[in-house]
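Quick notes on the structure that follows.
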Amino acid sequence: MMKGRTPFKSPLPSTSHASDASSSSSAGAATTHRLYQVWRGRNKFLCGGRLIFGPDANSIVLSISLIMTPLVLFVAFVSFRLAELMGKPLGPFVPTTAMAVGAFDVIVLVLTSGRDPGIIPRNKRPPDPEDLLLDGMSSPMAGAGAPPPSGVLPPTRDVYVNGIVVKVKYCHTCMLYRPPRCSHCSVCNNCVERFDHHCPWVGQCIGKRNYRFFYMFISSTTFLCLYVFVFCWVNLILIARHEQCGLGGAMVSSPVSCLLIGYTFITSWFVGGLTAFHSYLASTNQTTYENFRYRYEGKSNPYNRGVARNLIEIFLSPIPASKNDFRQKVVVDPNALFYGPPSMAYSYSFGLLSSSKKSFNTQGSLSFDMTKQASFDLGGYPASGKRTSIGSSDFGDIYGGTGGEGATVQQPRHSIFGDAESKKAAADDAESATTVDLETRGAGLGGGSSRPCD
């Protein structure tokens, strides 16, 4: 198992002469690796990058043990005796069905946890704010029809989904504007398409490419719990009839049945409630993240197309291919902050735009349109500034809000997991961001020149 490693980073040289000397001395120092070996997320890989797990993949062992331990007890101590009491033709199906459902449950668990949930590849470099001028888009601060300030990358943009405005945000970690329904997981440190949540029980993000397997996992687990619960009661009743004793005597005769009844009664409430909740989400075409967000913001769901179409889209539509080839060979330059072939620049980056309308089709009848009249939320950004590359250790003043007058304060990314995850997400942004927009400050920057923050 190999954990994704952060690519080499080098501090920014103080002068252009030092930069030239460094680049000349490092000529030919670039090395070739597999993409999973230099992956900047926190994922763990198996089988040479063929299986991708989350950073908390060890929780799969706990989940499998919680499923297989009661199943083994049921098959070994209850099902075969129950099959004898029931007789043919139904008796032999009791242990067979339990083993088949248990095997299916473990298979869909591995499919949920060991596949790419829909990770969007990072851009090799941030989009150029000057290219936004090509669209002639307006800024709410500068007035209608005015272009965004030079050198400023808008933190948000508005797109239209079925006639409803949906705000997409710029991800400083992945250096791209997230597509609709995409969010950055602070646990895995990746942007994930149709992000639902990060599940600690499967140790993986739940997104566009593994949601149906996650739903099959929780629904089959619910069925297995109810199956064991019911047939343990049937076993006790048949024992009481066969031995001509009361229910208490039957419990003494089969204590494993009593143990499994209590265990499955508790777990069925948990996984059963989770299955019911995700059945509601699937029927309304929502994600867990969207459900909390829309309820908080009081917005309507622009993706709801009716129960039948929603279920067909989620469970019967083709699963899109992964946008990441974790086994491809990439070139890593020790003196460069980025790596990989030009194909790694992701086409969903909204920063490089043409004057035409942008359409994003995830399903045949759903389109996400980026019009020329997109709006921007530029609050807190300077009216003018220059983008300066700085090292990851120089973000203290920016992210701590301790800069001089007019300094930009970066707001932490919100998380549904609480304040601790929000602080962790802000720290991830501070480590991974490669460029920031600084206001030209005459006294602090020496008459308008740009330099790294102190």
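Figure legend: label point modelled 7 angstrom from the Cα of residue 328 along Cα→Cβ; no residues of the range 189-205 have amide N under 13 Å from it.
Can you classify the range 203-244 as rounded, prolate or oblate using the Cα gyration tensor, where a ≥ b ≥ c are the square roots of its eigenvalues, rounded means a/c under 1.5, and otherwise it's prolate if a/b beats b/c and oblate if not? The partial results should precede the final answer.
Details: a/c = 9.27, a/b = 5.56, b/c = 1.67.
It comes out prolate by the Cα gyration axes.
For residue 156 and residue 312, the FRET efficiency from 1/(1 + (r/R0)^6), where r spans their Cβ atoms and R0 equals 22 Å, is about 0.10. In this structure, the pairs whose alpha-carbon distance is over 24 Å, taken from 44/124; 124/169; 44/167, are 44/167. Label positions at residue 165 and residue 65, each projected 7 Å from the Cα along the C-beta direction, are separated by 5.2 nm.
Tell me whether the range 43-97 comes out rounded, prolate or oblate; compute the Cα gyration tensor, take square roots of the eigenvalues as a ≥ b ≥ c, and use a/c under 1.5 as the rounded threshold. Write out the running numbers ahead of the final one.
Numbers: a/c = 6.21, a/b = 3.04, b/c = 2.04.
Because a/c hits 1.5 or more and a/b exceeds b/c, the range 43-97 counts as prolate.
At R0 = 45 Å, how high is the FRET efficiency between residue 253 and residue 33 if r is their beta carbon distance? Nearest 0.05 is fine. Before the final figure, lay out each step's value.
On the way: r = 62 Å, r/R0 = 1.37.
With R0 = 45 Å, the Cβ-Cβ based efficiency is 0.15.
Across the range 193-299 the C-alpha pair distances fall into 10 Å bins from zero in the proportions 14, 33, 23, 16, 11, 4, 0 percent. Distance between the C-alpha centres of the range 205-260 and the range 155-185: 45 Å, rounded to the whole angstrom. Ranked by how many other Cβ atoms sit within 10 Å of their own Cβ, fewest first, the residues 181, 40 fall in the order 40, 181.
Go through 96, 35, 67 and say which Cα lies farthest out towards the positive end of the charge dipole of the range 28-132; charges sit on Cβ, +1 for Lys and Arg, -1 for Asp and Glu. Sorting the options by dipole projection puts first 35.
Rank these for me by crowding, 44, 323, going from fewest to most other beta carbons within 10 Å. Mind dumping the intermediate values first?
Numbers: 44 21, 323 16.
Least crowded to most crowded, the residues run 323, 44.
Fewest-first ordering of 216, 99, 175 by other beta carbons within 10 Å of each residue's beta carbon gives 99, 216, 175.
Read-outs: derived from the displayed coordinates by stated rules, not from any lab. Just so it is clear, the model here is predicted, and its values are computed rather than measured. For neighbour counting, all protein chains shown are included, and Cβ atoms are generated from backbone atoms with ideal geometry for every residue, glycine included.
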